[in-house]
1. Under a point spin-label approximation (7 Å from Cα along Cα-to-Cβ), what is the residue B:29-residue B:50 distance to one decimal in nm?
2. Let me check the size of the stretch B:66-115 from its C-alpha atoms; what are the radius of gyration and Dmax in Å?
3. Inside 10 Å of the C-beta atoms of B:97-110, what's the mean count of C-beta atoms belonging to other chains?
4. Rank the residues A:174, B:51 as a footprinting-exposure proxy: fewest other Cβ atoms within 10 Å of their Cβ go first.
5. So if we plug the beta-carbon distance of residue A:144 and residue B:12 into 1/(1 + (r/R0)^6) with R0 = 35 Å, what FRET efficiency do we get, rounded to 0.05?
6. Do you know the relative contact order of the stretch B:1-62, to the nearest whole percent, from alpha carbon pairs under 8 angstrom that are 6+ apart?
7. Relative contact order of chain A, please, whole-number percent, based on alpha carbon pairs below 8 angstrom and at least 6 residues apart.
8. Cβ neighbours within 10 Å, averaged per peptide: list A:73-84, A:116-127 in order, most packed at the top.
């Protein structure tokens, strides 16, 4: 494998393990074993586990943001419809994996936000971009009159995104879609109106 | 120290470490060292680390639920006022510790909900009790006419609690009170109306 290819593979396998087990609970050796990369070569690709964490958050953040954009760039849909489709797709995904994984950005934030300043700042950037994308959909709906709320779209977007993160955590604890279904119901029928 | 006293101390010290570092990332030895308990005596008190986790969740859950009840049993306050006081007190607490710790039940749920069935069920019980307590405040306000929403108080309560958990995660990432302030503003001025 070429250097970039190996590095990408380490990140990809690492992301999947870390999403389920957490960052600190996932060993470098475990990632390398699963990736089929020779022992000890980790530091050829990354300066430290923290450096690996930064690249992991960037890669996953970019992937997730691209997925949001795919939904939000759909033509002939209102801002609210785009948001509905996006959140519905994530609920389907969570259901398919029996609510075991959750959101990697949320998981890492919960785990590392309070203890690692470098990784916290990377996570913050991802959340800010996600918030801006949601805010743009809300703005579209405010402009078209679909949403009549006079609250700032950026503030509404942050509230919606944070509430969604909380609901993602709760469906994992409940092993039931209820919290996400309620999130969609209340967000779209009572808040974004 | 008596047996119960030592056990309580292990749980207390463990809870503080785990709240900041996570369950899997906190070693039994580290807890015992800080608690000043002799090496190797952990299994005299707990069958396993999982058994320790169950007791930790029960102890912390009871502590937190008692704190909520203290706010919710206040006389001469409306349901909404009780909720406002409770959430404001938690925001103060988060601010005092510079948003580094977060909610232990939320942290453990995020970390363990998908990977440990025994601990997941304990966490679920705590969330259900918390939801019921919030629902009772909402019901009081619905009965008095302070809240006019026709949504089921239990469903509103779950949404409010999950949104709060998401906001707690976000203030940790942002190291700013903004997400919790917005949570309070939107919950009390736009949702519980």
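1. With each label point 7 Å from Cα toward Cβ, the separation is 2.4 nm.
2. Values for the stretch B:66-115 (Cα only, Rg and Dmax): 13.7, 44 Å.
3. Working: counts 1, 1, 3, 4, 3, 5, 2, 0, 2, 5, 5, 2, 7, 14.
So the per-residue partner count for this stretch is 4.
4. Neighbour counts put them in this order, fewest first: B:51, A:174.
5. On the way: r = 55 Å, r/R0 = 1.57.
Result of the calculation: an efficiency of 0.05.
6. On the way: 31 pairs, mean separation 23.3, N = 62.
Once normalised by length, the contact order is 38 percent.
7. Numbers: 176 pairs, mean separation 42.5, N = 193.
For chain A, the relative contact order is 22 percent.
8. Final packing ranking: A:116-127, A:73-84.
All of the numbers you see were taken from the coordinates with simple rules; none came from a lab. All of these numbers come straight from a predicted model, not from anything done at the bench. Positions of Cβ are backbone-derived with ideal geometry, glycine not excepted, and every protein chain shown enters the neighbour counts.
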